[in-house]
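Following: one structure in structure tokens, then a few remarks.
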Amino acid sequence: MRSKKYLALLLVVMLVSILAVGCGSDDTPNTDEPATNGNEEKEEGEKQEGEEVDGTSSATFGLDEEQYLTFVLDAEPSTLDPSKGADNYSNTILLNVMEPLLRLEEDSDNNTAIAAAGAESWEANEDGTVWTFKIRDNTWSDGVKVRAQDYEYGIKRSLDPDTASPYSWIIGDIKNASKVNSGELPVDELGVKALDDETLEITLENPTPYFEQLTYNRTMLPQRQDIVEAQGDKFGTEIETVVFNGPFTLSTWVHNSELILTKNESYWNAEEVLMETVNLKIIQDENARLNSLTNGEIDGSATNRPEWREQFMANEDMVHYEVVNPTTFFMFFNTQDEVFSNANIRKAFSAAVDREELANVIFDGIHTPAYGWVPPTMNIGDDEYRSLVDGPVEKLVKEEDPVELLQKGLEELGMDTDPSKLTVTISLGGTDQWFRTYGEYLQQVFNTKLGVDFQVQQMEWPVFDSNVNKGDFQIGYMSWGADYNDPSNMLNLFRSDAGAIGTGWVNERYDELIDLAGKEMDVAKRLEYFREAEGILLYEDAAVAPIVFPRSNIFRYEYVHNLGINPFSTQGYKNAYTWFREPAN
Amino acid sequence: MKKYIIKRIAYMLLTLWIVITLTFFLMHSIPGDPLAYMAKTLPEQTRINFYEKYGLDKPVYVQYGIFMKNLITKGDLGESIRYPGRTVTDTISKHATVSGRLGLQAIAVGITIGIVLGVIAALNRNRWPDYLVMFIAILGVTVPLFIIAALLQYTLSVKFKLLPTTGWGKFKHTIIPTIAMCFGSIATYARYMRSNVLEVINQDYILTAQAKGVSPFNVVRKHVLRNAILPAITILGPQIAGIFTGSFVIERIFSIPGLGSYYISSISDRDYTMIIGTTVFYAALFIVSQLVVDLLYGVVDPRIRVSGDN
């Protein structure tokens, strides 16, 4: 009896599991049988997914009738609430589903320029403190007209201390922004005002030459007060809680799995948007992502791994782009530390690093050696800053001998001038193999070149972060990516009150130069201020030692066009189209 | 029986409370904060506002009090810090069902194949089927999951394009992950079953059954399997708990929106509410599944009678 009961139980368990499996297959109505994909493999040339075969291409122009793209997001977007979250993934989505005041559009040479977007025109007063934006005729996805008040509300909400936006500091140039953000002044005192439905006036604390570059930041995106208030804390967590006014709307959002953007027909410029659908799969594992690219399941991706790079470069169906990112990898010194309070010692450690060799050994020759603080691709006016100003570290490496510098520094400190008695520790905010190799490399460099006893400490990133904040380190290693396209974004970080990079470094002249450049509207003058400031930062005081500027290797199938590669551009997918995705038979 | 269950539940709650308390204070004592994921040092005011919003400015014991109060009175685990606006309970229930589906599939397949292989191996002791099964079992236990997964992904979807590389939603998406995941259970169950069957098969009552002329199939089904399966149930407990918590490795490689990734990412993100939420969930599942296993023993083996049941 009992054995029968038991068997019955087992059977039930199995039946249920079989049912679960069975139900699953019901979800796939037809066409999508795995076998379809398998058969196709025999066809030479283009490798497509089963469902794509039916899409007949318009033979005359080559423009594919079905316009869709599939890409990968490396991680789940935190939220679609523009005032909360600060991750790149949600930034990417927001820029496609929302319409910022202005956009940074990329031209065919991959240079970026400010262009009208949510505002059809804009102007600044003479001294650049009052900016007036004429809001364009545009509609929200629920049919409501976009008004200047929506932009006003969005900005105010981002700076409201109750919102606790992690990005609020970026628009600190708006009049009363910091006082509003600290709760000293009510939000209404903020220098943002909708004069009428079509006119937005923004008053700034000081003339801010790079203000246009802030208008596409998520903190300045329009938000609908009625929706935000109705949704409360849920705003931005699911599609149903948000409305869109950008070139696309988000039609599917399966957390941690997939997002689908669909062309927004009510977008003001919808007729120029060719792309109908953009699928964004969330794949965290790099191998899985690149397998999907090989497979043709996605249309493009980026990798710096040499073995994959080679494989894709040899693939005739793919186009390869190499892009320098507006990011700097650097070592920074704790100037409050006994040893590194001395500028000559800091210079010695900066000068001792052979950046060419490091880029080759550690970064497989992919990243570019960094001799300046401001990364390439950053513009001042219309020109790339780095092409106008030589990296100050170049001078340091050329002119100075690191060993002498170290000797001099130790003498100045009244310490034993025998470098082998000096123990120096670098803190690395990562525990994986890459950081280990990196630490060992630096150890070898400083041991042989300077003769010091160089120690490497690896720790988890949050631990590193908290140690640096406490000043509990000697040398740190970090990267910093720019948030907007102006050298001030990178150079402001070292203003003595910025507290962004825990060097504890204070230089009055540097602060003065940064302040001057912050208020100066004349490009040539700003350039000179920045040049001098960067020289102080890297050459005279060497508070930080830039190492490399990272590069990305982007691979896309050749049918993808007009998508842009400039890491700063904020045009999103709206200009992209595919051309001859389907091989013309 | 009733008394026994009530007593067990009381102990379970106590254990759960200890786990929650320990986790709560431990996670707040590790350095770093939930803003670290931005990899940027933020201005003081931004930090202050953020801390205030999420109640992180209060002393840890006050935060603990608030958390416990919400948990007990409302069953509320709070709101994720890393994913603003999403409640932890919502996130867990959404992603645990994904993990659950995959886990159930894998465990059903794994147990079935594992038991069958184990019995086959034992009945063919020291002959080639035995060696083959044991070879598979050793492979299944020793080769890391991510290697099996990567190999399957490469062969089945990149090389032969039979199945999609990643994704979720359709049955075809679950095939490779299921195969990869059940490897481990196949191996474990096959080995357990083999040794248990070998033990049982030499017992007198088997000989009796055989002497009575029971067919070999029925001997296995009615006498061997039933007695040999007991120890296998022991390992079922933790596995049941594991079904809903998912596998970090598998979910990452196949990009499956399960709960597994939250266990790791919430810790590295210092997403406190999510850390405690997932921990509570796992602990509760684990404890409950232990109870279920203990009760199952009684059902399967008449010799075992839970105490309190006279």
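In whole angstrom, note down how far apart the Cα centers of segment B:111-166 and segment B:247-262 are.
21
Run lengths n ≥ 4 of DSSP H only: what is the helix-derived mean residue ellipticity at 222 nm for chain A, with -39500 (n - 2.57) per run over all residues, to the nearest 500?
It lands at -9000 deg cm²/dmol.
Can you work out ³J(HN,Hα) from phi for every residue in segment B:283-300, in order, using Karplus 6.51 cos²θ - 1.76 cosθ + 1.60 and θ = phi - 60°, giving whole Hz and x for Gly and Pro?
Residue by residue, segment B:283-300 yields 4, 4, 4, 4, 5, 5, 5, 4, 4, 4, 4, 4, 5, 4, 3, x, 5, 7 Hz.
If amide H atoms are built 1.01 Å from N in the plane of the peptide, which residues on other chains or at least 5 residues away come under 5 Å of the amide H of residue A:368?
Placed amide hydrogens put A:549, A:551 under 5 Å from residue A:368.
Looking at segment B:1-137, how many pairs of lysines come closer than 23 Å at the Cα, when each pair is eight or more places apart or spans two chains? Write down the numbers at each step before the final one.
Details: B:40/B:53; B:53/B:69; B:53/B:74; B:58/B:69; B:58/B:74; B:74/B:94.
Lysine pairs satisfying the spacing and distance rule in segment B:1-137 number 6.
Treating only the Cβ atoms of Lys and Arg (+1) and Asp and Glu (-1) as charged, compute the dipole magnitude of the protein assembly as shown about its Cα centre; round to the nearest 20 debye. All intermediate terms of the calculation are to be shown ahead of the outcome.
Numbers: 75 positive and 121 negative charges, 1422 e Å.
Dipole of the protein assembly as shown, to the nearest 20 debye: 6820 debye.
If you plug each phi of segment A:323-339 into the Karplus form 6.51 cos²θ - 1.76 cosθ + 1.60 with θ = phi - 60°, what whole-Hz ³J(HN,Hα) values come out, in order, with x for Gly and Pro?
Here the 3J(HN,Hα) series is 10, 8, 8, x, 9, 10, 9, 8, 9, 10, 9, 7, 6, 8, 6, 4, 6 Hz.
Counting only other chains, and only Cβ atoms inside 10 Å, what mean value do you get across the residues of B:221-228? Can you show the working numbers first?
Numbers: counts 2, 3, 1, 0, 4, 4, 0, 0.
Across B:221-228, the average partner-chain Cβ count within 10 Å equals 2.
Compute the helix-to-body angle for B:230-245: its Cα long axis versus the longest principal axis of chain B, expressed 0 to 90° and rounded to tens.
30
Can you give the relative contact order of chain A as a percent, counting alpha carbon pairs under 8 Å and 6+ residues apart?
Values: 1130 pairs, mean separation 110.3, N = 585.
It comes to 19 percent, rounded to a whole number.
Between residue A:189 and residue A:316, what is 0.36 nm times their sequence separation minus the Cα-Cα distance? Round to one decimal in nm.
Taking residue A:189 through residue A:316 to full extension adds about 39.9 nm, to one decimal.
State the Cα centre-to-centre distance between segment B:175-216 and segment A:191-231 in whole Å.
Measuring centre to centre over Cα atoms gives 70 Å.
Would you please classify the overall shape of segment A:327-549 from the alpha carbon gyration tensor, given that a ≥ b ≥ c denote the square roots of the eigenvalues, rounded means a/c under 1.5, and beyond that prolate means a/b larger than b/c while oblate covers the rest?
On the way: a/c = 1.59, a/b = 1.42, b/c = 1.12.
Prolate, since a/c reaches 1.5 and a/b exceeds b/c.
Tilt of helix A:148-159 relative to the longest C-alpha principal axis of chain A, in degrees (0 to 90, nearest 10)?
50
Measure nothing but the geometry: give the 0 to 90° angle between the long axis through the Cα atoms of A:523-535 and the longest principal axis through the Cα atoms of chain A, rounded to 10°.
Long axis of A:523-535 versus the principal axis of chain A: about 60 degrees.
Using a basic spin-label model with each label point 7 Å from the Cα along Cα→Cβ, how many nm lie between residue B:268 and residue B:160?
Going from the residue B:268 label point to the residue B:160 one covers 3.3 nm.
List every residue whose amide H lies under 5 Å from the amide H of residue A:72, counting only residues 5 or more places away in sequence or on a different chain, with H placed 1.01 Å from N in the peptide plane.
The list, which skips near neighbours in sequence, is A:281.
Please label the shape of the protein assembly as shown as rounded, prolate or oblate, based on the square roots a ≥ b ≥ c of the eigenvalues of the alpha-carbon gyration tensor (a/c under 1.5 means rounded; beyond that, a/b larger than b/c means prolate, else oblate).
Judged from the Cα gyration tensor, the protein assembly as shown comes out prolate (a/c at least 1.5, a/b above b/c).
For segment B:164-173, take each phi angle, set θ = phi - 60°, evaluate the Karplus expression 6.51 cos²θ - 1.76 cosθ + 1.60, and give the result in whole Hz per residue in order, putting x for glycine and proline.
x, 5, 9, x, 7, x, 10, 4, 4, 5
Could you work out [θ]222 nm for chain B from helices alone, using -39500 (n - 2.57) per DSSP H run of at least four and dividing by all its residues? Round to the nearest 500 deg cm²/dmol.
-23500 deg cm²/dmol
When a/c reaches 1.5 or more, the comparison of a/b and b/c decides; with that in mind, is chain B rounded, prolate or oblate per its Cα gyration tensor? Intermediate results must be reported in sequence, preceding the final value.
Details: a/c = 3.23, a/b = 1.60, b/c = 2.02.
Note, shape of chain B comes out oblate.
Among B:72, B:120, B:250, which one shows the highest mean-square fluctuation when chain B is modelled as a Gaussian network with alpha-carbon springs under 10 Å?
B:72
Under the definition of partner shielding as Cβ atoms of other protein chains within 10 Å of a residue Cβ, what is the mean value for peptide B:28-38?
Numbers: counts 0, 0, 4, 11, 10, 4, 2, 4, 9, 7, 6.
What the average comes to for B:28-38 is 5.
How large is the dipole of segment A:334-378 about the Cα centre if only Lys and Arg carry +1 and Asp and Glu carry -1, each at its Cβ, rounded to the nearest 20 debye?
Numbers: 3 positive and 6 negative charges, 37 e Å.
Using Cβ point charges on Lys, Arg, Asp and Glu, segment A:334-378 gives about 180 debye.
Can you list residues whose amide H is under 5 Å from residue A:252's amide H, if they're 5+ apart or on another chain and H is modeled 1.01 Å from N?
A:260
Of A:360, A:513, B:183, which is farthest on the positive side of the dipole of the protein assembly as shown, counting Cα position, with +1 on Lys and Arg Cβ, -1 on Asp and Glu Cβ, and the Cα centre as origin?
B:183
What's the Kirkwood radius of segment A:432-543 in Å, using all Cα pairs? Let's see the in-between values first.
Working: mean 1/r = 0.0619 Å⁻¹.
Roughly 16.2 Å, rounded to one decimal.
Taken together, the values in this text are just the output of simple stated rules run on the coordinates, not laboratory data. Because the structure is a prediction, the values reported are computed rather than measured. Neighbour counts run over all protein chains shown; Cβ positions are idealised from the backbone, glycine included.
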